[in-house]
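Below is one structure; the comments refer to it alone.
Where a number appears in this text, it was derived from the coordinates with a stated rule and is not lab data. If you're wondering where the values come from, they're calculated on a predicted model, not measured in any experiment. Cβ placement follows ideal geometry from the backbone for every residue including glycine, while neighbour counts extend to all protein chains displayed.
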Amino acid sequence: MFKLDDDLLKELGLGTLPPEEKTKMLSHIYETLEMRVGMKLAEQMSNEQMDEFEGFINKEDEAGALKWLEANFPNYKQVVADQLEQLKAEIKASAPAILEASASSQTQQ
C-alpha cells in the first residue's frame, strides 16, 4: 500500500530533518492520516456500523477492524490513498517552514 519512512520524508522535502524529528514527523503523519481516514469513513457509516467498528477499535483489534472495513467499505483503500495524497500536498507546501523551525530549534540548543 504505502510506507511511512525516510523515502516519504525525502519526497516531501523533509529528508534533512534530524533523526528524532523525522520520527516525530512520521508519527504525526500517521496519526493525522488515521484521523482523517476515520472521519471520512465515519461520514459514510450508519450508527450501527459505527458501533460495530468502534467495538474493534476499543478492543484494539486492528486485524478485525481491517477485515470489517474490507467487508463493509471495499473502497477504504482508495479513501486512504486520497487522504494521503492530500496530506502530502499540505506537508510539501509547509516543508520550508518546517525545516526553518527545525534549524532554529537546533541552533537554540
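The number of residues in region 20-36 that are in contact with a helix residue (DSSP H, G or I) (Cβ under 8 Å, 6 or more places away or on another chain) and farther than 15 Å from GLU90 by Cβ comes to 3. Whenever a residue of region 51-63 is within 16 Å of GLU34 (Cβ to Cβ), its partners that are of a type in the set (Asp, Glu) and assigned to a helix (DSSP H, G or I), lying with C-beta atoms within less than 8 angstrom and at least six residues away or across chains, give the pairs PHE56/GLU62. Can you name every residue in region 24-63 that is exposed (fewer than 12 other Cβ atoms within 10 Å of the Cβ), in a helix (DSSP H, G or I) and among the hydroxyl-bearing types (Ser, Thr, Tyr)? Correct list: SER27, TYR30. Scanning region 1-22 for residues that are surrounded by 11 or more Cβ atoms within 10 Å (Cβ to Cβ), over 13 Å from the mean Cα position of the chain (by Cα) and not aliphatic (A, V, I, L, M) yields ASP6, LYS10, GLU11, GLY13, GLY15, THR16, PRO18, GLU21, LYS22. If you go through region 37-49 and keep only what is of a type in the set (S, T, N, Q) and in contact with a helix residue (DSSP H, G or I) (Cβ under 7 Å, 6 or more places away or on another chain), you end up with just GLN49. Residue pairs whose Cβ atoms lie under 6 Å apart, sitting 6 or more positions apart in sequence or on different chains, and linking a residue in region 8-19 that is over 9 Å from LYS92 (Cα atoms) to a partner that is of a type in the set (Gly, Ala, Ser), are LEU9/GLY15; LEU17/SER102. The single condition among (1) β-branched (Val, Ile, Thr); (2) under 30 Å from SER102 (Cβ atoms); (3) within 18 Å of the chain's Cα centre (by Cα) that ILE57 does not satisfy is (2).
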